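Colleague: Let me give you the structure first, and then I'll get to my questions.
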Amino acid sequence: MTKTPFEIETFSTKSAVALHDYMEPLLADHEFQPDVATANAMITMLSQYDHYHLVYALLVSFRVVPERIVPLLPQYLTHTEASVCATAINLLDNAPAHLLTDVLIDRIRQLRVVREDLRFLADVLARLEDRRRGRT
């Protein structure tokens, strides 16, 4: 079976269901590893993506360059689309412990103060702090 190669141009032109149909088989393949240049290009486009593309761009970037995407994840914890927020939480929960820096934890702590309505931030923060302390 021939695998479909990842092409950022194809990724960028697909929408909703077509994007899902393109990306899900790629992400299910544990050998799927776009090159660093592609992941970096996706990171530069994050602010321009709709929520469908944003979710996949976060997932792809995390797979290739977690050290670049993890520090950006706190801003997506307050995204209006639940899929983006859930993706950010999932990626933070799976981030290598060495990327859970004091700066990252502080940014989430500040979000919790500013957005008291987002009670789940306390749980996210507690899990990340526990991981930093080596409890999990």
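The values are calculated or read from the model by the stated rules, or taken from the named source; none is laboratory data. Predicted, not measured: the structure shown is a model, and the values here were computed from it. Note that each Cβ is placed from the backbone with ideal geometry, even for glycine, and that neighbours are counted across all protein chains shown.
Colleague: Tell me which of these residue 55 doesn't satisfy, since it passes every other one: (1) farther than 22 Å from residue 18 by Cα; (2) touching a helix residue (DSSP H, G or I) at 6+ places or on another chain (Cβ under 6 Å).
Modeller: (1)
Colleague: Every residue in the range 57-97 that is more than 9 Å from the chain's Cα centre (by Cα), in a helix (DSSP H, G or I), modelled with pLDDT of 95 or more and closer than 19 Å to residue 130 by Cα, please.
Modeller: 71, 74, 77, 93, 94
Colleague: Output the residue which, of all residues in the range 58-86 that are touching a residue at least 40 places away in the same chain (Cβ under 8 Å) and surrounded by 16 or more Cβ atoms within 10 Å (Cβ to Cβ), is farthest from residue 123 (Cα to Cα).
Modeller: Across the range 58-86, the extreme among qualifying residues is 60.
Colleague: Right, next: Does the range 99-109 contain any residue that is in a helix (DSSP H, G or I), modelled with pLDDT under 95 and among the aliphatic types (A, V, I, L, M)?
Modeller: No: the range 99-109 contains no residue that is in a helix (DSSP H, G or I), modelled with pLDDT under 95 and among the aliphatic types (A, V, I, L, M).
Colleague: If we scan the range 73-94, do we find a residue that is of a type in the set (D, E, K, R) and closer than 30 Å to residue 8 by Cα? Spell out the reasoning first.
Modeller: Going through the range 73-94, the residues of a type in the set (D, E, K, R) turn out to be 81, 93.
From the residues that got through so far, the ones that are closer than 30 Å to residue 8 by Cα too are 81, 93.
Yes: the range 73-94 contains one or more residues that are of a type in the set (D, E, K, R) and closer than 30 Å to residue 8 by Cα.
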